[in-house]
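Since every read-out is calculated from the coordinates, none of them should be taken as a lab result. Just so you know, these numbers come straight off a predicted model, no measurement behind them. Counting neighbours? That spans all protein chains shown, and the Cβs are built from the backbone with ideal geometry, glycine included.
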Amino acid sequence: MRGNLAAGLLDRSETGTAGGGEAGGAADRERAVALWESVIGDARRVLEDDHPDTLLARSNLARAHRSVEATESVLADCVRVLGPDHPRTLTTRRDLARAHRAAGALPEAIAVYERAVRDSTRKLGDDHRLTRTMRGELASLRRKLVTMATPYGPGASHRVGRTAD
């Protein structure tokens, strides 16, 4: 029950559907973190550290924190326990790319997304929802990187060398 509530709060804070704009999103994120920490405590006590449900809760907590380090740790455990091609492992790899993106490490995010898309395509297929989602996020990130690298990004004047008449 708490896991479902925490997931809902985390989703609301990430999509901006929480009341109160940015402040509401941050409040929902804080509540989600507290709930995931509680869920993880219960899962470790009842299920053990390597149980898939414990890994899922840890992955969601890392996502709530937007932490590269925590997501890398969960990813390593998912690979070890579930295997590199398990859907939870693939999703956690996507979460790592998102954490890098949130930290402003765009080249690292692109590298992780590229591997995640390659693995997901091989395991789940080209038309799987996760594969399509990751491919779209990768394309968006590449566009952002190109836009940041050009002097003619959004809002820039395209009339270089021209003066006002």
TODO: Using the Karplus curve 6.51 cos²θ - 1.76 cosθ + 1.60 with θ = phi - 60°, work out ³J(HN,Hα) for each residue of segment 55-60 in order, rounded to whole Hz, and write x for Gly and Pro.
DONE: 4, 4, 5, 5, 5, 5
Task: Positive minus negative residues near VAL68 (Lys, Arg vs Asp, Glu; Cβ under 14 Å) - done: +2
Open item on the list: Show me, for segment 40-49, the HN-Hα J-couplings you get by feeding each phi into the Karplus relation (A = 6.51, B = -1.76, C = 1.60, θ = phi - 60°), rounded to Hz, glycine and proline as x.
Closed with: 5, x, 5, 5, 5, 5, 9, 10, 5, 5
